[in-house]
Amino acid sequence: DVTLDPDTAHPNLILSDDGKQVRHGDIKQNLPNNPERFDHSFCVLGEEGFTSRRFYFEVQVKGKTGWILGVARESINRKGQIIMSPQDGYWVIGLWNENEYWTCTDSYVLLSLRGKPQNVGVFVDYEEGLVSFYDV
């Protein structure tokens, strides 16, 4: 169960009161530009970190036309334009243009899926250095 960290959220992102959901807002909120906050990319991090063990969570993407989700190193750059690649500390999967699923290794790679996922499972095995995404 992931709770989103409001101190990291880009000012255009609106979090639910319980911190479990996020949506893109039309108006940039007037929030402090603290070091933890993303200022260019529409990102938010979870409050809980992990350093040694296995970790799994699910994200509901049903009915969404665009999204990016995954995991990131705590030390990632949050200011200015970012590249969401493992080399830069991001392991992500996403949806563009309603039907283009992609991931990023050392470049963006389009994925071929059998159908539109309703929920995406994310599994991290920190000790093995493994991040996996599942249609659940």
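Observations, loosely collected:
- Net charge, Asn99 excluded, C-beta distance under 15 Å - Lys, Arg +1, Asp, Glu -1: +1
- The alpha-carbon positions of region 49-135 define a convex hull whose volume is 109 Å³ per residue.
- Estimated dipole of the chain in Debye, rounded to 20 [Cβ of Lys and Arg +1, of Asp and Glu -1, Cα centre]: 360 debye
- For the chain, the relative contact order works out to 22 percent when only alpha carbon pairs closer than 8 Å and six or more residues apart are counted.
- The residues neighbouring Asp39, those whose beta-carbon lies less than 14 Å from its own, together hold a net charge of +2 under the Lys/Arg +1, Asp/Glu -1 convention.
A short reminder: the numbers here are calculations on the coordinates, not readings from a lab. Quick caveat: nothing in here was measured; it's all calculated off a predicted structure. Cβ sites come from the backbone with ideal geometry, for glycine too, and all protein chains shown count toward neighbours.
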